[in-house]
Amino acid sequence: MKDYRSLLKPKPIPAHVAIIMDGNGRWAKKRSLPRAAGHRRGAEIIEPMMDTAIELGIKAVSLYAFSTENWARPRTEVMGLWRLQEEFFAKKIDTMRSRGIRVLHSGSLKRLPPSTRRTIEEAVASTAKNRRMLLNFCINYGGRQEIVGAVNRWREQAGPKEEFTEARMERHLYTRDLPAVDLLIRTSGEYRLSNFMLWQAAYAELVFTDVLWPDFTSRHLCRAVYEYQQRERRFGGL
Ligand code: FPP
């Protein structure tokens, strides 16, 4: 692969990159390993990816780690994912803190095992003052559920004559502290949004790659940003 890092221009750099980390199961199957091994490898590559994102000047990254639809998987896989995430947050929290990463969470933590929930909440609380980069973990997240929740939260506190607007919607989404998604990446050769960032990705540039998530490297991230820099964004204008 070309050295896309050296081909990048200083601008434009996407402010918010959203990633659908897909293909862990297929990665494991290709190696005759259990699916859990694919998820484990998928978790391991998050840290080097964050270093590259910081180096490139990306302000926010959202990672789709568990969708509201993923509950339909076998219980052993779901429980394995919670264990893995708990381990990840417990192990990586110091690194994230020292790198200036602010951890955010999108989704509902209610159904998660209490210990997993606690490690996520601790990661969010203990990095709240960090400003270098936002790392938003979308866990038990669904775009439609987020939109319905935002409308309901707005309605609870809206005056009787208050009109619902785009700005009001944005203030009630999980992503209220994040910029709009500029670049959305999906790995593993699937061409779908799968209920991810439905509102936020309205004008995002979409990059699909055949690479399976556990094989995704900093070079692939640079390549996606390079593709982004080649696109002409018109936001509906001319
Ligand atoms: C999709 O691959 C991936 C997931 C449903 C889970 C994503 C989880 C991780 C990358 C690791 C854990 C995350 C954190 C935050 C520590 P798939 O299982 O659908 O793959 P397949 O389509 O090849 O079966």
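Taking the Cβ of L183 as the centre, find all other residues whose Cβ is under 13 Å away and add up their charges (Lys, Arg: +1; Asp, Glu: -1).
On the way: positive: K59, R186, R223, R231, R233; negative: D182, E205, E227.
For residues surrounding L183, the net value is +2.
Sort E146, E44 from largest to smallest accessible area, using a 1.4 Å probe on the heavy atoms of the protein chains.
E44, E146
P(r) of segment 148-238 in 10 Å steps, Cα pairs, percent per bin?
P(r) over segment 148-238, rounded to whole percents: 13, 35, 29, 16, 6, 0.
How high is the relative contact order of the chain, in percent, with contacts defined as C-alpha pairs under 8 Å that are six or more residues apart? Walk me through the intermediate numbers first.
Values: 370 pairs, mean separation 71.2, N = 238.
In percent, rounded to a whole number, it is 30.
Between segment 217-233 and segment 133-189, how many Å separate their Cα centres?
Taking the Cα centre of each part, segment 217-233 and segment 133-189 sit 25 Å apart.
What's the local net charge at D94, with K and R +1, D and E -1, over the other residues with C-beta under 12 Å away?
Numbers: positive: K91, K92, R97, R99; negative: E47, E122.
Net of charged neighbours comes to +2.
If ligands, DNA and RNA are left out, what is the accessible area of Y4 with a 1.4 Å probe, given in Å² to the nearest 10?
Taking all protein chains as shown, Y4 has close to 20 Å².
222 nm [θ] for the chain, helices only, -39500 (n - 2.57) per DSSP H run of 4+, per residue, to 500? Don't skip to the end; give the middle numbers.
Details: 9 runs with 104 residues, N = 238.
Computed ellipticity for the chain at 222 nm equals -13500 deg cm²/dmol.
Pop the C-beta distance of L7 and R73 into the FRET formula with R0 = 30 Å and round what comes out to the nearest 0.05.
Details: r = 39 Å, r/R0 = 1.30.
For L7 and R73, the calculated efficiency is 0.15.
Largest first, how would R111, R73 line up by accessible area (1.4 Å probe)?
Values: R111 150, R73 85 Å².
My answer, sorted largest first, is R111, R73.
On average, how much accessible surface per residue is there in segment 52-209, in Å², for a 1.4 Å probe, leaving out ligands, DNA and RNA? The partial results should precede the final answer.
Numbers: 8110 Å² over 158 residues.
Using a 1.4 Å probe on heavy atoms only, each residue of segment 52-209 averages 51 Å².
Once you have all Cα-Cα distances for the chain, histogram them in 5 Å bins from zero and send the whole-percent values.
Answer for the chain: a P(r) of 1, 6, 13, 17, 20, 18, 13, 7, 3, 1, 0, 0, 0 percent.
I need to check one value: relative contact order of segment 1-109, counting alpha carbon pairs closer than 8 Å and at least 6 residues apart, in percent.
On the way: 66 pairs, mean separation 30.6, N = 109.
It comes to 28 percent, rounded to a whole number.
Keeping all protein chains in position, work out how much accessible area S98 exposes to a 1.4 Å probe, and write it in Å² to the nearest 10.
100
Quick one: 3J(HN,Hα) in Hz for segment 26-32, Karplus 6.51/-1.76/1.60 with θ = phi - 60°, rounded, Gly and Pro as x.
5, 4, 5, 4, 4, 9, 6
Using the structure shown, list the pairs from K91/K129; K110/K161; K59/K92; K92/K129; K11/K59 with a Cα-Cα distance above 24 Å, or answer none. Please report the intermediate quantities before stating the final value.
On the way: K91/K129 20 Å; K110/K161 33 Å; K59/K92 19 Å; K92/K129 17 Å; K11/K59 13 Å.
Flagged as over cut-off: K110/K161.
Using a 1.4 Å probe, how large is the accessible area of E156, given in Å² and rounded to the nearest 10?
Rounded to the nearest 10, that gives 150 Å².
The values are calculated or read from the model by the stated rules, or taken from the named source; none is laboratory data. If you're wondering where the values come from, they're calculated on a predicted model, not measured in any experiment. We place every Cβ from the backbone using ideal geometry, glycine too, and count neighbours over all the protein chains shown. Note: areas computed on protein heavy atoms with side chains; ligands, DNA, RNA excluded. Shrake-Rupley method; radii C 1.70, N 1.55, O 1.52, S 1.80 Å.
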